[in-house]
1. Within the range 69-83, which residues are of a type in the set (A, V, I, L, M) and either surrounded by fewer than 20 Cβ atoms within 10 Å (Cβ to Cβ) or modelled with pLDDT of 95 or more (or both)?
2. Would you mind telling me which numbered condition in (1) modelled with pLDDT of 90 or more; (2) within 19 Å of Asp110 (Cβ to Cβ); (3) touching a Phe, Trp or Tyr at 6+ places or on another chain (Cβ under 9 Å) Thr37 fails?
3. Can you confirm whether Val18 is closer than 20 Å to Lys76 by Cα and either surrounded by 14 or more Cβ atoms within 10 Å (Cβ to Cβ) or of a type outside the set (A, V, I, L, M, F, W, C) (or both)?
4. Residues to consider are Asn67, Asn88, Asn92; find the one that is out of contact with any Ser or Thr (no Cβ under 8 Å at 6 or more places or on another chain) and of a type in the set (S, T, N, Q).
5. Could you check the range 1-66 for strands (runs of 3 or more DSSP E) lying wholly inside it with 1 or more residues that are within 13 Å of the chain's Cα centre (by Cα) and among the β-branched types (Val, Ile, Thr)?
6. Hey, among Ala80, Ala20, which residue is free of Cβ contacts under 8 Å to residues at least 60 places away in the same chain, touching a Pro at 6+ places or on another chain (Cβ under 7 Å), under 19 Å from Asn7 (Cα atoms) and not aromatic (Phe, Trp, Tyr)?
7. If you check Leu60, Leu107, Leu99, which single one turns out to be surrounded by fewer than 15 Cβ atoms within 10 Å (Cβ to Cβ) and of a type outside the set (Val, Ile, Thr)?
8. Could you list, in sequence order, all residues of the range 26-55 that are without any contact (Cβ under 8 Å) to a residue 24 or more places away in the chain and either surrounded by 14 or more Cβ atoms within 10 Å (Cβ to Cβ) or out of contact with any strand residue (DSSP E or B) (no Cβ under 9 Å at 6 or more places or on another chain) (or both)?
Amino acid sequence: MPGVELNIDLDELDQEKVEALFDNLEEAQMCIRAIDTDHVEYNFEKLNKLRPCAPGKPVLDIRNNKNLFRLSFNKKLKIASPAIIRGNPSLNPHFIGKLQKLKETCLGCDFQRSKGLPFL
């Protein structure tokens, strides 16, 4: 909707509500933030298309989540904006490989496992 900026702060939701929010969501125009949460998983596997809430804002900002183990995306996901995923030291190596593939199609994305350590 023009003129409406939808920001979702996942740190304000418990794990169950986060799962319910994205369980059947296939397309969205929002900015998703998860900073310093205790969540262990984010499942965006149903999302095919994700656009930012406003021009120039990161569509994903997932940082400094010490317990985040699983972060999964749909193989066909198209991100129309920069995304930030870094400082999540518990992230499973299996999902790091999938993030590398997503980064190949996401210009301006900043993906790092921990501070200064890129996904290689």
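The values are calculated or read from the model by the stated rules, or taken from the named source; none is laboratory data. Computed from a predicted model, the values in this text were never measured in an experiment. Every residue, glycine as well, gets a Cβ built from its backbone with ideal geometry; the counts of neighbours run over all protein chains shown.
1. Across the range 69-83, the qualifying residues are Leu77, Ala80.
2. So the condition that Thr37 fails would be (3).
3. no
4. Answer to the check: Asn92.
5. Passing ranges, in order: 7-9, 31-35, 60-63.
6. On inspection, the qualifying residue turns out to be Ala80.
7. Leu107
8. Residues satisfying the conditions are Ala28, Pro55.
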